[in-house]
Amino acid sequence: MKKLSLLLGVGVGYVLGTRAGRGRYEQIKAQAQKIAGNPKVQDAAHKAQDAVVTQAAAAAGAAKEKVGDATSSATDKLRTEASIQPAP
């Protein structure tokens, strides 16, 4: 995945920085489309996307749990302080 990102970055940088003209741009674009359409690249992209979705769901669950714990702690603290202080 890192190699693909590096190659993509190099390609984009070259295209943006080159003075070779439209013809070279079209060659690079065609090669990039060929690589992107490769079944192995597509498979790797889908695996990466699935991994991101799985990790995001796990992170969301952990965050939800921590927020719930923090809310409970804050509520308990407020109740304790309210019971200690006399009402005006």
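With respect to the conditions (1) open to solvent by less than 80 Å² (accessible area, probe 1.4 Å); (2) out of contact with any Ser or Thr (no Cβ under 9 Å at 6 or more places or on another chain), residue 54 falls short on a single one, namely (1). Residues considered: 41, 53. Of these, the only one that is among the β-branched types (Val, Ile, Thr) and within 13 Å of the chain's Cα centre (by Cα) is 53.
Candidates 19, 24: the one that is assigned to a helix (DSSP H, G or I), open to solvent by 90 Å² or more (accessible area, probe 1.4 Å) and either of a type in the set (Asp, Glu) or at pLDDT below 80 (or both) is 24. Of all positions in the stretch 20-37, none carries a residue that is free of Cβ contacts under 8 Å to residues at least 60 places away in the same chain and under 18 Å from the mean Cα position of the chain (by Cα).
Pairs linking a residue in the stretch 40-59 that is part of a helix (DSSP H, G or I) to a residue that is β-branched (Val, Ile, Thr), with Cβ atoms under 8 Å and 6 or more positions apart or on different chains, are 41/35.
The values are calculated or read from the model by the stated rules, or taken from the named source; none is laboratory data. Keep in mind it's a predicted model, so treat the numbers as computed, not measured. Ideal geometry is used to build each Cβ from the backbone, glycine not excepted, and the neighbour counts take in all protein chains shown. Heavy atoms of the whole protein, side chains included, go into the accessibility calculation; ligands, DNA and RNA do not. Shrake-Rupley method; radii C 1.70, N 1.55, O 1.52, S 1.80 Å.
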